[in-house]
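Here the structure is laid out as structure tokens; the discussion comes afterwards.
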Amino acid sequence: MIIRMSEYTVAVSGATGYAGGEILRLLTGHPQLRVTTVAGHSTAGDLLGRHQPHLGSCAHMEIQPSTPEALAGHDIVVLALPHGASGAIAAELEATSPGTLILDLAADHRLTDAAAWEEFYGSEHQGSWDYGLPELLLADGSKQREVLRRATRIAVPGCNVTAVTLGFQPLVQAGLVDPTRLTATLANGVSGAGKAMKPHLLGGEIIGDVSSYGQAGTHRHVPEIEQNLAGALGIGVQAQHAGGVRIALTPTLVPIVRGIHATLSAPLAPSAVVADAPDAIARAFDSAYAREPFITVLPTGQWPRTSSVTGSNSAHVQWAIDERAGTVLVSVALDNLVRGTAGQALQSAHLALGLDEDLALPVNGVAP
Ligand SMILES: NC(=O)C1=CN([C@@H]2O[C@H](COP(=O)(O)OP(=O)(O)OC[C@H]3O[C@@H](n4cnc5c(N)ncnc54)[C@H](OP(=O)(O)O)[C@@H]3O)[C@@H](O)[C@H]2O)C=CC1
Ligand SMILES: CC(=O)N[C@@H](CCC(=O)OP(=O)(O)O)C(=O)O
């Protein structure tokens, strides 16, 4: 007897970019999702192979314009567009294709707080969708995957926010660190900035160079990280405005192509007695991640490396107490294009479709 698995059609808008290219790469090996439309913007009318030569099996596909008409009629639409571009297309799609599962890889539908959106993005808030981070801890003790099982519109978080959220949330929720004194310094590969031409990303500028950007509370990911960690504590928008969770974020651009290495630090909460803290922290990470296939808390003494997670949907995590400083140090490494966007988009879509969450998603990286 032959049992046919159900097959879902997928349109990828932003297919010529880095994030769109990565979800296409993951989808080419997928047993139940089939890409039937690829769409772009300035490249519409070209063959995909001209812009994504590594995706040989899709090379013959003609790039459609990213219009609601071209994207209509699919079971799933992936929007991998610059911030601000997906809101209008999504609104039309919601009206014309109410039964379609829409995954937005941009920030447009991630923030629940309209004031925070307007402050950091400078445009009108488009509303918020279900947040596409299955392992996100919620205040009632559940995880975001239960919400995603009912989702039809998913706002997938980006790489910076995913790394910082995964590293801090067990400590914040367990009350082991002061949530108003969080700091994060990120070393970010250049693919995180996208493929569009920008002078500061030229080889001559980034090779042999390290520089910071979005310093001192100005990066647009600050409110999104705070939203996630406030959610783990059950802190509402008003309490958050009053200072519930605060993070000092400093991203740096480093001369690697893929990967994020996040170094997180926070003072131990006054109530956390140092003698008990190691056990309490170990329990918090164990409770959050021991059964998570894509999050690995490394054995003691082994620290995350970006090269170990390249090409995988895995995040590697390690922690230690700095007794002298009275702080907890957490280190996280992930691949910005897989775990930091396309991989967790598929992970979230699987939940929404009732498929196995880890279907066709790589745990293992590509090394050396
Ligand atoms: N790069 C990364 O590591 C991550 C990216 N993301 C998010 O994914 C989204 C895409 O990023 P990324 O792939 O890096 O960006 P790229 O610059 O690499 O790609 C952008 C894509 O959007 C298309 N596009 C550009 N302008 C418009 C427009 N006005 N209307 C419709 N389509 C347009 C481009 O088409 P064409 O080439 O035809 O002009 C291209 O396909 C962003 O929101 C980003 O924040 C999230 C997490 C990680
Ligand atoms: C090197 C670089 O510029 N990286 C980007 C990471 C983008 C990302 O995390 O994606 P979203 O913007 O979709 O959240 C940055 O720091 O803004």
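The values are calculated or read from the model by the stated rules, or taken from the named source; none is laboratory data. Owing to the predicted nature of the structure, the values given are computational and were not obtained by experimental measurement. Note: ideal-geometry Cβ built from the backbone for every residue, glycine included; neighbour counts use all protein chains shown. Protein only, heavy atoms only, side chains kept; ligands, DNA and RNA dropped before computing areas. Shrake-Rupley method; radii C 1.70, N 1.55, O 1.52, S 1.80 Å.
Which whole-Hz ³J(HN,Hα) couplings does the range 188-205 yield from phi under the Karplus relation 6.51 cos²θ - 1.76 cosθ + 1.60, θ = phi - 60°, glycine and proline marked x?
The phi angles translate into 10, x, 6, 5, x, 8, x, 9, 4, 5, 9, x, 6, 9, 4, x, x, 8 Hz.
Which trypsin sites (Lys or Arg not before Pro) in the range 295-368 pass both tests, a DSSP loop state and at most 10 other beta-carbon atoms within 10 Å?
Filter output for the range 295-368: ARG324.
By how many degrees, 0 to 90 and rounded to 10, does the Cα axis of helix 18-28 deviate from the longest principal axis of the chain?
70 degrees
Quick one: Cα centre-to-centre distance for the range 266-320 and the range 181-236, in angstrom?
Measuring centre to centre over Cα atoms gives 21 Å.
Mind putting a number on the dipole of the chain about its Cα centre? Charges go on the C-beta only, +1 for Lys and Arg and -1 for Asp and Glu, and I need it in Debye to the nearest 20.
The calculated dipole for the chain is roughly 560 debye.
Just to confirm the filter: which trypsin sites (Lys or Arg not before Pro) across the range 147-247 are DSSP coil and have at most 11 other Cβ within 10 angstrom of their Cβ?
For trypsin sites (Lys or Arg not before Pro) across the range 147-247 that sit outside H, G, I, E and B with at most 11 neighbouring Cβ atoms in 10 Å, the list reads ARG150.
Rounded to the nearest 500, what is the 222 nm mean residue ellipticity of the chain from helices alone, with -39500 (n - 2.57) per DSSP H run of 4+ residues and division by all residues?
Value at 222 nm, helices only: -8000 deg cm²/dmol.
What accessible area per residue, rounded to a whole number of Å², is obtained for the chain using a probe radius of 1.4 Å?
Roughly 43 Å² per residue, with all protein chains present.
For an R0 of 35 angstrom, estimate the FRET efficiency from the Cβ-Cβ distance between TYR213 and GLU7 and round to the nearest 0.05.
For TYR213 and GLU7, the calculated efficiency is 0.25.
On a 0 to 90 degree scale, rounded to 10, what angle separates helix 86-96 from the longest Cα axis of the chain?
60 degrees
Under the 0.36 nm per residue contour assumption, what length would be gained going from the current alpha-carbon distance of ALA248 and LEU359 to full extension?
36.4 nm
Skipping prolines and chain starts, which residues have an amide H placed within reach, meaning under 5 Å, of the one on TYR131, given they are 5 or more residues away or on another chain?
ALA155
Points 7 angstrom from Cα along the Cβ direction at LYS195 and ASP276: gap in nanometres?
Going by the 7 Å Cα→Cβ label model, 5.3 nm.
Take the alpha carbon atoms of the range 42-75, find their center, do the same for the range 15-36, and report the distance between the two centers in whole angstrom.
Computed from Cα coordinates, the inter-centre distance equals 11 Å.
Tell me the label-point distance for the pair ARG305, ALA290, using the 7 Å Cα-to-Cβ offset, in nm and rounded to one decimal.
Inter-label distance under the simple model: 2.9 nm.
Report in % the part of the accessible area of the chain that belongs to carbon and sulfur, leaving out ligands and nucleic acids; probe 1.4 Å.
54 percent
What is the range 153-229 by shape, rounded, prolate or oblate, if you read a ≥ b ≥ c off the alpha carbon gyration tensor as root eigenvalues and call it rounded for a/c under 1.5, prolate for a/b larger than b/c, and oblate otherwise?
Prolate shape, in that a/c is at least 1.5 and a/b is the bigger ratio.
Would you mind classifying the range 267-333 by shape? Square roots of the alpha carbon gyration tensor eigenvalues, ordered a ≥ b ≥ c; an a/c under 1.5 is rounded, otherwise it is prolate if a/b is larger than b/c and oblate if not.
prolate
Report the trypsin sites (Lys or Arg not before Pro) located in the range 1-71 that are in a DSSP loop and have at most 10 other Cβ atoms inside 10 Å of their Cβ, or state none.
Those satisfying the criteria are ARG4.
Quick query: amide H of ARG181 versus all other amide H atoms, modeled in the peptide plane; which residues come in under 5 Å with a sequence gap of 5 or more or a different chain?
ARG246
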